[in-house]
1. Considering only the range 26-64, state which residues are loosely packed, with under 15 Cβ neighbours inside 10 Å and of a type in the set (D, E, K, R).
2. Please find, within the range 61-116, the residue that is modelled with the lowest pLDDT out of those that are within 14 Å of the chain's Cα centre (by Cα) and not aliphatic (A, V, I, L, M).
Amino acid sequence: MPAFVDTQPNRLADRLLSDRHPVPLSVLLHLAPGALIVAAYLLIGEPLVDAIDYPHFAGWAIALCTVLLPILAGLLWLGYRRNGRLALRGVLHYTRRPVPRGTLVAMVVPLILWMITLGYALAPVNTFFLD
């Protein structure tokens with residue numbers, strides 16, 4: 001009895017694990033999660049938080065968890081198909097070397113400052129649409 005039983009080839013997994021994707025597939029893989037998050041917010045998150053009178057931000061948190069957890073599970077499944085264990089190596093590129101701490105700080109701090117500035121600048125627009 002063989003110790004290793006070969007499973008059926010999975011064309012979807014093979015296509016997703018290839019080093020190069022066709023452009024339409026690559027665009028879909030980048031835009032689909034955002035579109036699914038917005039759909040989950042509109043169909044699940046917003047009605048739920050309105051019904052229980054919670055802030056709308058909680059609806060976004062619900063939508064993110066509803067969509068991103070299955071996506072992460074799918075990525076881990078692809079890692080299992082490639083590595084034989086739950087891992088993201090070989091599925092996501094640039095996971096072998098960590099980003100140097102100085103480079104990370106140089107990228108994150110300006111992004112946080114930009115987010116704060118933009119949030120304060122657009123607060124009147126947000127208030128206008130909420131009213």
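The values are calculated or read from the model by the stated rules, or taken from the named source; none is laboratory data. Predicted model only: the values in this text are computed from it and were never measured. Backbone-built Cβ (ideal geometry, glycine too); neighbour counts: all protein chains shown.
1. Result: Asp50, Asp53.
2. Gly74
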